1. Would you kindly work out the equivalent ellipsoid of the chain from its C-alpha gyration tensor and give its semi-axes, the square roots of five times the eigenvalues, largest first in whole Å?
2. Under a plain spin-label model, where a point goes 7 Å from the Cα along Cα-to-Cβ, how far apart in nm are residue 49 and residue 4?
3. Under 20 °C and 1.002 mPa s, how fast does the stretch 1-145 diffuse according to Stokes-Einstein, given a Kirkwood radius computed over C-alpha pairs? Answer in µm²/s, whole number.
4. With just the Cα atoms defining each centre, how far is the stretch 166-241 from the stretch 64-134? Give it in Å.
5. To two decimal places, what compactness ratio does the stretch 74-168 give when its Cα radius of gyration is scaled by 2.2 N^0.38 Å?
6. Within the stretch 211-235, name every residue whose backbone N is under 20 Å away from a label modeled 7 Å from Cα of residue 87 along the Cβ vector.
7. Quick check on packing: order 210-218, 8-16, 83-91 by the mean number of other C-beta atoms within 10 Å, highest mean leading.
8. Using DSSP, restrict attention to beta bridges with both residues in the chain and report what percent are antiparallel, rounded to the nearest 5.
Ligand SMILES: [Fe+2]
C-alpha cells in the first residue's frame, strides 16, 4: 500500500482465474474506502483485454443507432449525454454505453465486454457481501454495466453524489492510458474539505474505489483539442452502478455530517 496524497491510497492488484486480487484482504480494502479514502487498485487488467473492450464497444455502437429516447433500463443502448441533471443540477457531456441486457449482447461483443465486467462484478460482490448476477429485476436494484467515453475537447461531469446504499462502493476502471491515449480529465472527490484529484494517478487497468455518497466529478478534457462526438480518442472508463432505476433518486442536498463522521481518516496511513 502507498499513500499517494492525502486521502488517496494505492493498493497493488491483479487478476487471477477471472478474479481480482488485492494485496490486502477485501475487508481491509473496504475499511480504507469507508474511512473514507479514495483507493486505487493498481494494474488489474492487461492492456489487450481493455483494448478489446473499447474496440468492441466502438464497433457495436456503430451498428446500433444512438438512443434519442428516454432510457428504458432493460436494453443495451448508447447515448450522447449533454444536459444538466434535473435534481442535482450537475452538468454533463459524455457518451455512455449501458449494457442492461449484457448477457444477450451478440458475440463477439459480449465476450469482449464480459472479460472486464465479470471480474468487476465478482469484485464488487466480494467487497459488499452481495451475490448479484447480470440482468434486470423489476422493483429491485440490479447491475448496470456501463462503458463511458469522455471525448477530447471539453467532455466532463459536474459535481454530484449518490445514495450510499445499495451500491456502497463505486468502481471506476481506466480502460486506456493517461498521457498517451488522452492527456486531461479524471475523477475528483472531496473529503472533509480536501479536494482529491485522481487525474494522472489512475493509469490504464487501475480501478478507483470510493464511498458512493462522496461528492465527485469528472474534470474536463482540454478545450485546446477540437471536440468531436465521432473521434474515439479521449478517456474511456468502465463503471458498474447498482440501483433500482424506478426507486427514489438522490436528494438535492449533499450528504451532511462528513466532518463529524470522519474520525480516523485524518490520521494518514503509513506509506509502505
Ligand atoms: Fe457518479
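1. With the √(5λ) rule applied to the chain, the semi-axes are 26, 21, 20 Å.
2. Here the modelled spin labels are 1.9 nm apart.
3. 124
4. 16
5. Values: Rg = 14.8 Å, N = 95, 2.2 N^0.38 = 12.4 Å.
Expressed relative to 2.2 N^0.38 Å, the Cα Rg reads 1.19.
6. 211-218
7. 210-218, 8-16, 83-91
8. That works out to approximately 90 percent antiparallel.
Every read-out reported here was derived from the displayed coordinates using simple, explicitly stated rules and does not represent laboratory data. Please read these numbers as outputs of a predicted model, since none were measured by experiment. Because the Cβ atoms are built from the backbone with ideal geometry, glycine has one as well, and the counts that use them run over all protein chains shown.
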